[in-house]
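Let me begin by presenting the structure, written as structure tokens, before commenting on it.
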Amino acid sequence: MAKIIVITSGKGGVGKTTSCASLGSGLALRGYKTVMIDFDVGLRNLDLVLGCERRVVYDLVNVIQGEASLHQALIRDKRADDLFMLPASQTRDKDALTLEGVDQVIQALSMDFDYILCDSPAGIERGAQLAMYFADEAVLVTNPEVSSVRDTDRIIGLLQAKTQAAKNGGKVKEHLLLTRYNSQRVAEGEMLSLEDVQDILSVPLMGLIPESESVLKASNKGIPVIHEEGTDASIAYKDAVARLLGEEVPLKFVEPEKTGFLNRMFGGRK
Amino acid sequence: MLKGLFHRDANSSASAARERLKIILSHERTMRGQPEFLPRLQQDVLDVVKRYIAINSDQVRVQMDQHGMMSTLEINVTFPEEEISKLSS
């Protein structure tokens, strides 16, 4: 049986899809058969971040409505053999997703995969609630910024009330993934620190992704940033994957890099 | 650059963010899990009280709590000193 993980945040633009693509790729690189489901009906984007947008034929709604088989709709990633994705529908209305339909799709995928990552849409509406409903675990993608932290808190409330696990008296296991972290600005008192966010949300940390130029460059090219070997974001996502698998990895990128005077003056860009 | 040396003082914008978040989230967390009719109940109570005493919406607080097998509905109406003295006269 697959482990079902929702990638969620409440707030939009914090890095859910970027993180989903890199975590999914990371799990597949570690040898786990992984499938990512894009739940953002109407605003499909996971395909672009993965660079497989031109291979989309059928989508999640086609499968739920019986117009295509799962086999037809799944797209195999070109970089990781063990990675697949099920695209969101682009055109149909949001009511096309039903709880029963999603249940059937997830149950069918559970047979063949080790991990199912549900890439949630932003917001707290139906789509977001469907994406989290069957989850065993949740990755809470959060920026060190007031509105993002507040929205994550809201999502934690939903995870604890509106999921199958909660309704059965259980609990969705929560992981904090702090993204766009700028340790320099934190040191200058201009950004909430990791400690602040953890203190406020009380969720165990799964990863800290530094604000990095490599993230945009990678998504421009349609490559999950975890594949960009040697970049800070790639290192950070690999560590996050390891922690998701239960490994203990020391935290990186918490403190600003100690750069020399010349580097600071002329910008030691990576 | 120098700012970094002096570290995070209490006047930094990050500490303002931290304090504001703590306050709003503690409020929002108490509202969580409350029945959906509560705001309407609060409005109804307010309307009834208003027929007799001039009060504002922030002077009525309705809260539901659960302690094991028992739920309690708490309705608090606060009003200013002068209103009370008017009432007793």
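Here residue A:71 meets each of (1) surrounded by 15 or more Cβ atoms within 10 Å (Cβ to Cβ); (2) more than 15 Å from residue A:116 (Cβ to Cβ) with one exception, condition (1). When each of A:147, A:69 is tested for being over 21 Å from residue A:2 (Cα atoms) and among the polar types (S, T, N, Q), the lone residue that passes is A:147. Among the residues of region A:11-57, those that are within 21 Å of residue A:96 (Cβ to Cβ), aliphatic (A, V, I, L, M) and in a loop (DSSP other than H, G, I, E, B) comprise A:41, A:43, A:56, A:57.
Is region A:182-192 home to any residue that is crowded, with 20+ Cβ neighbours inside 10 Å, on the phi > 0 side of the Ramachandran plot and within 10 Å of chain B (Cβ to nearest Cβ)? Within region A:182-192 (the criterion being crowded, with 20+ Cβ neighbours inside 10 Å, on the phi > 0 side of the Ramachandran plot and within 10 Å of chain B (Cβ to nearest Cβ)), the answer is yes, since at least one residue qualifies.
Considering region A:86-100, and only residues there that are assigned to a loop (DSSP other than H, G, I, E, B) and at pLDDT 90 or above, the residue that is farthest from residue A:26 (Cα to Cα) turns out to be A:98. Note on region A:145-163: residues that are at the interface with chain B (Cβ under 8 Å from one of its Cβ atoms) and in a helix (DSSP H, G or I) amount to 6.
Taken as a whole, the structure places residue B:18 among residues that are closer than 29 Å to residue A:158 by Cβ, at the interface with chain A (Cβ under 7 Å from one of its Cβ atoms), at pLDDT 80 or above and not in a loop (DSSP other than H, G, I, E, B). Does any residue of region A:164-177 turn out to be part of a loop (DSSP other than H, G, I, E, B) and within 11 Å of chain B (Cβ to nearest Cβ)? The answer is no, given that none of the residues of region A:164-177 is part of a loop (DSSP other than H, G, I, E, B) and within 11 Å of chain B (Cβ to nearest Cβ). Only a single criterion out of (1) within 12 Å of chain B (Cβ to nearest Cβ); (2) buried (at least 18 other Cβ atoms within 10 Å of the Cβ) is not satisfied by residue A:195, namely (2). So is residue A:208 more than 15 Å from the chain's Cα centre (by Cα) and either at pLDDT 95 or above or not in a helix (DSSP H, G or I) (or both) or not? Spelling it out, it is not the case that residue A:208 is more than 15 Å from the chain's Cα centre (by Cα) and either at pLDDT 95 or above or not in a helix (DSSP H, G or I) (or both). Scanning region A:30-53 finds no residues that are among the charged types (D, E, K, R), surrounded by fewer than 16 Cβ atoms within 10 Å (Cβ to Cβ) and free of Cβ contacts under 8 Å to residues at least 40 places away in the same chain.
May I ask you to list the residues in region A:58-85 that are hydrophobic (A, V, I, L, M, F, W, C) and either part of a helix (DSSP H, G or I) or free of Cβ contacts under 8 Å to residues at least 24 places away in the same chain (or both)? Break it down into steps so the answer makes sense when it comes.
First, the residues of region A:58-85 that are hydrophobic (A, V, I, L, M, F, W, C): A:60-61, A:63-64, A:68, A:70, A:73-75, A:80, A:83-85.
Across region A:58-85, the qualifying residues are A:60, A:61, A:63, A:64, A:68, A:70, A:73.
Hey, among the residues in region B:61-89 that are among the aliphatic types (A, V, I, L, M) and more than 20 Å from the chain's Cα centre (by Cα), which one's modelled with the highest pLDDT? Spell out how you get there, then give the answer.
Within region B:61-89, the first condition is being among the aliphatic types (A, V, I, L, M), and the residues that meet it are B:62, B:64, B:69-70, B:73, B:75, B:77, B:84, B:87.
Next, only the ones that are more than 20 Å from the chain's Cα centre (by Cα) stay: B:69-70, B:84, B:87.
Numbers: B:69: 81, B:70: 85, B:84: 64, B:87: 65.
Taking the candidates together, the pick is B:70.
The values are calculated or read from the model by the stated rules, or taken from the named source; none is laboratory data. Quantities reported herein were computed from a predicted structural model and do not represent experimental measurements. Note: ideal-geometry Cβ built from the backbone for every residue, glycine included; neighbour counts use all protein chains shown.
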